[in-house]
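Student: Can you keep this structure in mind? I'll have questions shortly.
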Amino acid sequence: MNKSIKNLDEFINRYDKFIISTHESPDADGLACEIAFYDLMKQLGKHAVIFNSDPTPEICRFMDIDNEINILEDITQIPGKIEDYAQFVLDTNDYDNTGTVYRLLSSRVKDCFIIDHHQGDQEKADANYVKVDAASASEIIYSIIGHYGKELNFKTAQALYAGIVFDTGSFRFPKTTSETFRIASHLVSFGVDPFKVYEQLYESNSISSFQLRGRILSTMKVLFNGRLIAMKLTPEMVQETGGSFSEGEATINQPFQVKGVVASLLIKQDTEGPVKVSMRTKGALNVAEIAIENGGGGHKNAAGYKSKLGFEETYNKAIEDMTKFFK
């Protein structure tokens, strides 16, 4: 038995009640993990409840068939005897990256356990379940369900398939392996429709979100002879268009449609919350190192962090940090 699964076994056996959460601005991978892991907890005879800080994006709502995901907005929603609960944090290696959930629950729950696939603090990884070579957190949850010999159903299979499609960029990102395709094939056998999942994730955006993406692209700055493109997503853009911040965030991947672009940078801030930096690259350009240096984490080619600086200061610093790739 590897150390990660041993850590998980001990944590599950130690407690009977669990809060399940994912990161702020939840995406398809984090949401899929919650839905499938919640089902696993029920099969193991545990009591669990899902709490997130931010609403589920419109394009991901098809995943939550039974409306099991709750948004924690204030203290009145916290379950009674919260001191009896432990917490699972999925698809992020930073507990305080869960936003309101962290602020309201971290001092009240008994303990916290992380299940993730992003690079970060090694000591934290050793004490939890972090598998950085996994293409998605959904792959990890799939393997955990298999470890406990529990059943999948259409709901959990569709959620995990959607999570894998999203986090692998439709099976094209570097960490995609033959195991990724094997898992996807098994999930489809439960009745999952690949076209419908793709349609929901990528062809169901609102016109306001499409307008928001246009505003983001209008800020495009082309640097280093077209190898890096930097963009901005501001609170004013979100307010003026009425678009979804989470859908706007996906704009970071669009520059790679241009020949020669090897790095994309998006400085972003929602109407509430901190300034954040998202970085994407191709090949050997390791942005996880930059993210970790700034208190964040991620993968070699996809990483990010929260900034303590103002928006424009963060923008300039992020570009400066990326210059090392182009000297």
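Any read-out appearing in this document is the output of simple, stated calculations on the displayed coordinates, not a laboratory observation. Since we're looking at a predicted model, the values are computed, not measured. With ideal geometry, Cβ positions are generated from the backbone for all residues, glycine too; neighbour counts draw on all protein chains shown.
Student: Restricting to bridges with both residues inside region 207-325, how much of the DSSP beta-bridge set is antiparallel, in percent to the nearest 5?
Tutor: Roughly 75 percent of the DSSP beta bridges within region 207-325 come out antiparallel.
Student: Amide H of Leu233: which non-local residues (sequence gap of 5 or more, or other chain) have their own amide H closer than 5 Å, using H built in the peptide plane?
Tutor: Ile267, Lys268, Gln269
Student: Quick one: work out the % antiparallel among DSSP beta bridges in the chain, nearest 5.
Tutor: DSSP beta bridges in the chain are roughly 40 percent antiparallel.
Student: Given a 10 angstrom Cα cut-off, can you work out which residue in Glu83, Glu123, Glu139 is the most mobile in a GNM of the chain?
Tutor: Glu123
Student: Using +1 at the Cβ of each Lys and Arg and -1 at the Cβ of each Asp and Glu in the chain, identify which of Asn7, Val192, Gln257 lies farthest towards the dipole's positive end.
Tutor: With unit charges placed on the Cβ atoms, the residue in question is Gln257.
Student: I would also like to ask the following. What whole-number distance in Å separates the alpha-carbon centres of region 185-230 and region 1-78?
Tutor: If we compute the Cα centre of each part, the gap is 25 Å.
Student: Report, in order of residue number, the helices in the chain meeting two criteria: a C-alpha extent of 20 Å or more along the helix axis, and a mean Kyte-Doolittle hydropathy of at least -1.0; treat each whole DSSP H run as one helix.
Tutor: Long hydrophobic helices here: 28-43.
Student: Right, here's the next one. Could you work out the local net charge near Gly242, counting Lys and Arg as +1, Asp and Glu as -1, over the other residues with Cβ closer than 14 Å to its Cβ?
Tutor: That works out to -3.
Student: Let me ask you something else. Using the Karplus equation 6.51 cos²θ - 1.76 cosθ + 1.60 (θ = phi - 60°), what ³J(HN,Hα) coupling, rounded to whole Hz, does each residue of region 104-109 give in order, writing x for Gly and Pro?
Tutor: Running phi through 6.51 cos²θ - 1.76 cosθ + 1.60 with θ = phi - 60° gives 8, 10, 4, 8, 10, 6 Hz.
Student: Still on this structure, please answer the following. Using the Cα centre of region 3-201 as the reference point, and only Cβ charges (+1 on K/R, -1 on D/E), how large is the resulting charge dipole? Debye, rounded to the nearest 20.
Tutor: Using Cβ point charges on Lys, Arg, Asp and Glu, region 3-201 gives about 520 debye.
Student: Report, in deg cm²/dmol and to the nearest 500, the calculated mean residue ellipticity at 222 nm for the chain, where each DSSP H run with n ≥ 4 adds -39500 (n - 2.57) and the sum is divided by the residue count.
Tutor: Calculated mean residue ellipticity at 222 nm is -11500 deg cm²/dmol.
Student: Here is a follow-up. Arrange the following residues from fewest to most other Cβ atoms within 10 Å of their Cβ: His23, His186, His118.
Tutor: Starting with the residue having the fewest Cβ neighbours, the order is His186, His23, His118.
Student: When Lys and Arg each count +1 and Asp and Glu each count -1, what net charge do the other residues less than 9 Å away from Gly296, Cβ to Cβ, add up to?
Tutor: Value of the local net charge: 0.
Student: Still on this structure, I have one more. For Cα extents along the principal axes in Å, several values are listed as [x] 73, 51, 35; [y] 97, 61, 31; [z] 57, 41, 39; flag the one computed from this structure.
Tutor: Computed from these coordinates, Cα extents along the principal axes in Å corresponds to label [z].
Student: Residue by residue, what Karplus-based ³J(HN,Hα) values in Hz, rounded to whole numbers, does region 64-76 have, using 6.51, -1.76 and 1.60 with θ = phi - 60° and x for Gly and Pro?
Tutor: 8, 4, 9, 6, 8, 8, 10, 9, 8, 9, 8, 5, 5
Student: When the Karplus curve 6.51 cos²θ - 1.76 cosθ + 1.60 is applied with θ = phi - 60°, which whole-Hz ³J(HN,Hα) does each residue of region 275-284 get, with x for Gly and Pro?
Tutor: 6, 10, 10, 10, 10, 10, 9, 10, x, 8
Student: Just flag the trypsin sites (Lys or Arg not before Pro) in region 112-219 sitting in loop per DSSP whose Cβ has no more than 13 other Cβ atoms within 10 Å.
Tutor: Those satisfying the criteria are Arg172.
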